[in-house]
1. Which of the residue pairs K168/K194; K241/K277; K432/K504 have a Cα-Cα distance greater than 21 Å in the structure shown?
2. Cα to Cα, under 18 Å, and not fewer than 8 places away if on the same chain: which aspartates and glutamates meet these conditions relative to K21?
3. Just going by the charge dipole of segment 391-537, with Lys and Arg at +1 and Asp and Glu at -1 on Cβ, which of G402, V454, G509 is farthest out on the positive end?
4. For K100, which aspartates and glutamates qualify as cross-link partners when the Cα separation must be under 18 Å and same-chain residues fewer than eight apart are set aside?
5. Arrange the following residues from fewest to most other Cβ atoms within 10 Å of their Cβ: E166, E301.
6. Taking amide hydrogens as modeled 1.01 Å from N in the peptide plane, which residues meet the under 5 Å criterion relative to V345, leaving out close sequence neighbours?
7. Please list 398-409, 182-193, 489-500 highest first by mean number of surrounding beta-carbon atoms within 10 Å per residue.
8. Arranged from highest to lowest average of other beta-carbon atoms within 10 Å per residue, in what order do the peptides 292-298, 446-452 appear?
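What follows is calculated from the coordinates using simple rules that are stated; it is not laboratory data. Bear in mind the structure is a predicted one, so any value in this text is a computation, not a measurement. Don't worry about glycine lacking a Cβ; one is built from the backbone with ideal geometry, like all the others, and counts go over all protein chains shown.
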Amino acid sequence: MATSIDSHVVDITTCAICLEKLNVPKYLPCLHTFCESCIQTYISSKFEKGHKQSIECPVCRTNVNTPNENYSSEEWAKGLPLNFLIAGLLQREKIQSSQKHCMVCERMEKKSDAISICFDCSDLLCGNCCKHHKANKYTTDHEINPIEQLTSDSHLLKSFKNKCSEHKGKDLELYCVDHEIPCCSMCVSIYHRKCEKVLSIEDAAREYNGAEKVKDLRTQLEKVEDDIKDIIKDRQSAMDKLESQYRDQKKKLDNVFSELVSKINDLKDRRETELLKIYNEAKEDIDMIQLIFSNKKKNIENEKQILEACTSKASDVQVLVEVQRLKQHLQEHKTMIQSKAVEIVDYNILLQSENISDLLARAESSCKISMDKKNHILDIIRTGSTKLSEVYSCNRFELIAGAWTVNGKNDAICFRVSKEIELCGILSCVCKDGVSTYKLTASVKDDSEDLVVVSDTIDSKFAKNKRVEIHFPKPVKILAYKKYHVVVVIEGPDCYSGSNGKTKVNSNGVRFTFEKSQFDNNGTSTTVGQIPGFLFRIPR
């Protein structure tokens with residue numbers, strides 16, 4: 001059993017680019033991890049080829065958008081999150097190696113033998129560094145023991161501490177049960193002051209592991225992996241069938257045209273081109289499905305390895321942190337399987353041919369290449385269906401009554417949410433006369449760019465409670481606690497407006513917080529104005 005676990009650790013601690021031990025391990029959203037220098041070089045090579053907006057993961061080809069279009073490859077690589085799990089595993093390997101050197105000295109490019117170990121930092125220390133460690137007021141209470149006492153793994157992963165992505169340098173020490181999210185002390189004081197249940201992350205981890213949620217996640221990952229294997233196997237069968245049909249129909253085509261070669265050789269060439277074209281199209285479709293699910297299988301294998309390494313070698317805290325991330329990816333896998341499975345089709349290549357005597361007269365119209373294409377329903381019983389959540393509304397005004405002069409200016413509001421949502425649209429106040437039409441342009445922005453823009457002509461006669469729903473072409477992902485702006489430009493008569501607005505609104509477990517937007521130049525604020533509400537759903 002130990003050998004198997006160690007093999008998983010070796011796999012996830014090796015950089016897939018340089019094939020060496022990871023150095024400053026940074027991970028992409030798909031959870032694949034690379035050396036910071038390797039991923040920087042990879043990003044730089046993509047930039048040189050003109051790929052400024054996004055890159056593909058070198059392993060699974062998941063698309064990763066640039067966090068800022070003005071970032072250099074170095075800034076992008078440095079901004080990627082550090083994989084604390086793998087960093088800890090690599091540190092454990094150093095601790096267990098036969099040659100034990102002082103890790104503090106190594107960071108200063110010096111070399112000295114270690115005589116002690118700090119179980120809080122997981123650092124091996126030489127005599128001099130040990131003295132300084134004990135003298136430093138920030139580390140004076142750390143547990144330091146002679147290196148000879150290092151006889152088991154009991155303390156090795158104690159220092160697998162995750163840092164808060166928003167508050168640099170702060171450890172994730174707490175866990176908000178209400179929002180199911182690890183927090184640092186700053187997060188709790190700013191965002192979770194009114195939450196009912198906030199635990200220490202150690203207590204939350206003990207509760208979490210006691211509920212067998214890790215075991216359930218492992219089971220679900222295995223089910224998704226089995227579904228992916230079935231789809232790949234099914235598509236391979238479809239490919240074999242397609243190739244067999246191609247060979248059979250090609251032979252039939254050759255036999256037909258062998259008697260007509262002198263007169264219809266040109267027609268034969270055209271038909272062969274058609275045959276090859278639809279074969280390649282079908283082959284490309286099947287190849288693409290196979291590639292998608294093969295890459296997704298790599299995701300699953302990597303996540304299983306992460307889970308195995310985490311549950312076997314990591315602390316309860318790390319298990320909690322990693323499982324939360326893996327759960328999100330699991331749901332993405334399920335959603336992808338369901339969305340792609342309905343796109344799968346089977347192909348039948350058909351050659352229509354008549355008797356030779358009739359074929360000479362009707363060769364052009366009688367001999368055609370076609371494809372019988374129909375949806376192929378796979379019986380995916382493990383993953384189950386993924387249902388989109390219900391669309392909810394958030395209303396920020398108590399009253400819709402007053403008149404508002406629009407003048408084609410920007411009415412805007414800034415907002416944040418307490419958990420990730422998908423923004424499906426907004427509510428708009430209609431014209432005061434109740435019958436006029438008006439032109440509306442609505443957009444959702446973060447601080448740097450438009451995330452969606454929609455324009456429409458609105459008929460006030462279709463209003464409900466003096467408002468109409470404006471739906472986006474596709475939902476916009478809104479991240480927790482990040483600032484966004486909704487901006488509307490209305491051209492037409494005076495509209496109704498909202499009043500008695502609230503700065504905080506709770507709707508279906510999501511807390512919306514509103515503030516004045518920098519993009520507004522027509523008076524909309526948290527208390528009065530336009531943009532009376534939001535349409536949203538909660539990802540599952």
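1. Violating the 21 Å limit, Cα to Cα: K168/K194; K432/K504.
2. Output for K21: D6, D11, E36, E93, E106.
3. Among G402, V454, G509, the one farthest towards the positive end of the dipole of segment 391-537 is G509.
4. Qualifying aspartates and glutamates at Cα under 18 Å: E109, D113, D120, D123, E148, D153.
5. Numbers: E166 14, E301 17.
Ascending number of Cβ neighbours within 10 Å: E166, E301.
6. H376
7. The most tightly packed comes first, giving 489-500, 182-193, 398-409.
8. Highest to lowest by the protection proxy: 292-298, 446-452.
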